[in-house]
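Here is the structure we will look at, set down as C-alpha cells.
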Amino acid sequence: MTRKELINKAKRIKAIVSDVDGVLTDGSILYGSGDVELKRFHTHDGLAVTLARAAGLKVFLISGRSSAALLKRADEIGVDHLWQGATEKGRIFDILVEQQHLSPAEICCIGDDLPDLPLLSRAGLSVSVPNAAPDVKKAVDLVTGRNGGEGVLREVVELILKARGKWREVLGAYRA
C-alpha cells in the first residue's frame, strides 16, 4: 500500500478498535500473590485516547481476557467501551457497525494475533505491531514502528489525526 492510499484510508476513520494484550501491553501476563493479574500500560496510549476523543473519534478496546487491571485502565483513560472475555471479535465488529452507525471503512482496527483477524479483515484501516503473528502482519494495511506496549495506539492516533488535518488543532491544547 502506498503512503497516499494509507492517508486516504486514515482520513475516513471515525472510530478506533484496539486489542489489548500485545497492542496496549507487551503481551506478557504477570501474576502477583493470590489471583492478582498485573498489566503494564504505556502513558502515551492514555493520552492518545484523550487526543482522539478531542478530535471526535471514538475509541473501543477488546480483549479476549478479563482483568481488573484492564477495567481500571479503560475507566481511567475514558474509552467509549471495553469488551472483556471477547471470544468472537468479528461479532463485536458487527455490533459497532450497527449500534454506532459506522461503515466498515470508518473503523480502524489494531491487533497482533490470530483472534484479531476477524476485526482486521473487515476494517477500513487495519494495523498490527511489528511483533505480531506473521499471518496478522501479512493481512494489515500498516505495521507500526512501535511494538506492543510501547505507545502503539498513540502512533495510530497521530497518523489518523494528521491525515484528517486535526493534529495541529489537538496539539494546540498543549502549546503555551
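The values are calculated or read from the model by the stated rules, or taken from the named source; none is laboratory data. Quick caveat: nothing in here was measured; it's all calculated off a predicted structure. FYI the Cβ positions are ideal-geometry reconstructions off the backbone, even for glycines, and counts take in every protein chain you see.
Of the residues in the stretch 150-165, how many are assigned to a helix (DSSP H, G or I), in contact with a helix residue (DSSP H, G or I) (Cβ under 6 Å, 6 or more places away or on another chain) and over 16 Å from Leu24 (Cα atoms)?
Residues in the stretch 150-165 being assigned to a helix (DSSP H, G or I), in contact with a helix residue (DSSP H, G or I) (Cβ under 6 Å, 6 or more places away or on another chain) and over 16 Å from Leu24 (Cα atoms): 4 in total.
Answer yes or no as to whether Leu24 is in contact with a helix residue (DSSP H, G or I) (Cβ under 9 Å, 6 or more places away or on another chain), modelled with pLDDT under 95, hydrophobic (A, V, I, L, M, F, W, C) and closer than 28 Å to Glu88 by Cα.
No: the conditions fail for Leu24.
Could you please let me know if Gly85 is surrounded by 21 or more Cβ atoms within 10 Å (Cβ to Cβ) and in a loop (DSSP other than H, G, I, E, B)?
Spelling it out, it is not the case that Gly85 is surrounded by 21 or more Cβ atoms within 10 Å (Cβ to Cβ) and in a loop (DSSP other than H, G, I, E, B).
Of the residues that make up the stretch 132-149, is at least one under 15 Å from Ile13 (Cβ atoms), touching a Ser or Thr at 6+ places or on another chain (Cβ under 6 Å), assigned to a strand (DSSP E or B) and at pLDDT 95 or above?
no
So which residues in the stretch 92-105 are assigned to a helix (DSSP H, G or I) and free of Cβ contacts under 8 Å to residues at least 24 places away in the same chain?
Within the stretch 92-105, Asp94, Ile95, Val97, Glu98, Gln99, Pro104 qualify.
What pairs come out if I take residues in the stretch 114-125 that are farther than 10 Å from Asp141 by Cα and pair them with residues that are among the acidic types (Asp, Glu) whose C-beta lies under 6 Å away, six or more apart or interchain?
Asp116/Asp19
For Ala176, all conditions in the list (1) modelled with pLDDT of 95 or more; (2) surrounded by fewer than 23 Cβ atoms within 10 Å (Cβ to Cβ) hold save one; what is the number of the exception?
(1)
Is it true that some residue in the stretch 54-61 is modelled with pLDDT under 95, closer than 15 Å to Ser18 by Cα and in contact with a helix residue (DSSP H, G or I) (Cβ under 9 Å, 6 or more places away or on another chain)?
Checked the stretch 54-61: no residue is modelled with pLDDT under 95, closer than 15 Å to Ser18 by Cα and in contact with a helix residue (DSSP H, G or I) (Cβ under 9 Å, 6 or more places away or on another chain).
Inside the stretch 126-135, can you point out the residues that are buried (at least 22 other Cβ atoms within 10 Å of the Cβ) and without any contact (Cβ under 8 Å) to a residue 24 or more places away in the chain?
Listed by number, the residues that qualify are Ser126, Ser128.
Return the pair list, or none, for Cβ contacts closer than 7 Å from residues in the stretch 46-61 that are closer than 13 Å to Arg164 by Cα to residues that are crowded, with 22+ Cβ neighbours inside 10 Å and of a type in the set (Asp, Glu), at least 6 apart or on different chains.
Between residues of the stretch 46-61 that are closer than 13 Å to Arg164 by Cα and residues that are crowded, with 22+ Cβ neighbours inside 10 Å and of a type in the set (Asp, Glu), there is no close pair.
What tally of residues in the stretch 32-43 results from selecting those that are closer than 14 Å to Ser66 by Cβ and in contact with an Asp or Glu (Cβ under 7 Å, 6 or more places away or on another chain)?
0
Would a scan of the stretch 44-60 turn up a residue that is surrounded by 19 or more Cβ atoms within 10 Å (Cβ to Cβ), outside any helix (DSSP H, G or I) and touching a Gly at 6+ places or on another chain (Cβ under 7 Å)?
no
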